[in-house]
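Participant: Handing you this structure, nothing more for now.
The values are calculated or read from the model by the stated rules, or taken from the named source; none is laboratory data. Just so we're clear, the structure is a prediction, and the values are computed from it rather than from any experiment. Positions of Cβ are generated from backbone atoms using ideal geometry, with glycine treated the same way; all protein chains shown enter the neighbour counts. All accessible areas refer to the heavy atoms of the entire protein, side chains included, with ligands and DNA or RNA removed. Shrake-Rupley method; radii C 1.70, N 1.55, O 1.52, S 1.80 Å.
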Amino acid sequence: ALFAGAAAAAYLLLRVLRIAPAGSVLGALAYVFNAHIITIGTNPVYLAGMVLLAGLPAVVLSAASGRRAVRRGALLLGASAPFLGYVFVNPPLVLMIAMLLASMPLLAGWLDGRVAAIRALRTLLLGVPLLVLASSYWLIPIFLQLKLDATSMLANPSSWIWTEGRATLANGFWLNN
């Protein structure tokens, strides 16, 4: 299902980018069946990330171009909360998706002009708070856990003495610090 979802999301993204149907099919197949995906494709977190990586920009760009209502795009962003929570098993992947979504108004403006960029920004301004609200069931425990882990994993200052003793200029020069 995740392979099919990733292929469908890639197809929809390519169609929103005005690629012909045949080219969109080929692009979606290349997105899902390239050598990198085939070798690590059994990882469901990575595949769910691929669905979001192509699907969420497709939603924002379709709302930006006027093919979909801004409110519907915002609701679809909010509905992706369970997938995003699952993908958060790999936090850098969620950060990558967030950075891609943040760049969508720029891409929409480049493709369709200022009005499309404003519609994409409106979609994100409505959809991201909805997404955060719908993700609160996993965001709040994550933030509480990070607060505890951040202090419990630090070394106590008495264990720094050995490291500070080795911090000489010669050891620093030889990268042996």
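Participant: When the Karplus curve 6.51 cos²θ - 1.76 cosθ + 1.60 is applied with θ = phi - 60°, which whole-Hz ³J(HN,Hα) does each residue of segment 20-28 get, with x for Gly and Pro?
Facilitator: 4, x, 5, x, 5, 5, 5, x, 5
Participant: Oh, and also: Over segment 1-93, calculate the relative contact order: mean separation of alpha carbon pairs under 8 Å at least 6 apart, over the residue count, as a percent.
Facilitator: Details: 85 pairs, mean separation 29.8, N = 93.
Relative contact order for segment 1-93 comes out at 32 percent.
Participant: In addition: Starting from the residue with the highest accessible area, list W138, W110 in decreasing order, probe 1.4 Å. Don't jump to the answer; show the numbers that get you there.
Facilitator: Details: W138 30, W110 200 Å².
Largest to smallest exposure gives the sequence W110, W138.
Participant: Further, regarding this structure: Kirkwood Rh, segment 1-50, all Cα pairs: how many Å?
Facilitator: Numbers: mean 1/r = 0.0923 Å⁻¹.
Result for segment 1-50 stands at 10.8 Å.
Participant: In addition: In whole Hz, with x marking every Gly and Pro, tabulate ³J(HN,Hα) for segment 110-119 from phi via Karplus 6.51 cos²θ - 1.76 cosθ + 1.60, θ = phi - 60°.
Facilitator: 5, 7, 10, x, 5, 4, 5, 5, 5, 5
Participant: Now for a separate question. Once you keep just the Cα pairs under 8 angstrom separated by 6 or more residues, what percentage relative contact order results for segment 81-129? Can you show the working numbers first?
Facilitator: Working: 24 pairs, mean separation 11.1, N = 49.
Taking the mean separation of contacting Cα pairs over the length of segment 81-129, I get 23 percent.
Participant: Using R₀ = 41 Å, calculate the FRET efficiency as 1/(1 + (r/R₀)^6) where r is the Cβ-Cβ separation of I118 and I38; round to 0.05.
Facilitator: Values: r = 40 Å, r/R0 = 0.98.
It comes out at approximately 0.55.
Participant: Still on this structure: With a 1.4 Å probe and all protein chains in place, put I142, I38 in order of accessible area, largest first. Mind dumping the intermediate values first?
Facilitator: Working: I142 50, I38 100 Å².
Ranking I142, I38 by accessible area, largest first, yields I38, I142.
Participant: Could you please put I19, I37 in sequence from largest to smallest accessible area, using a 1.4 Å probe?
Facilitator: Correct descending sequence by accessible area is I19, I37.
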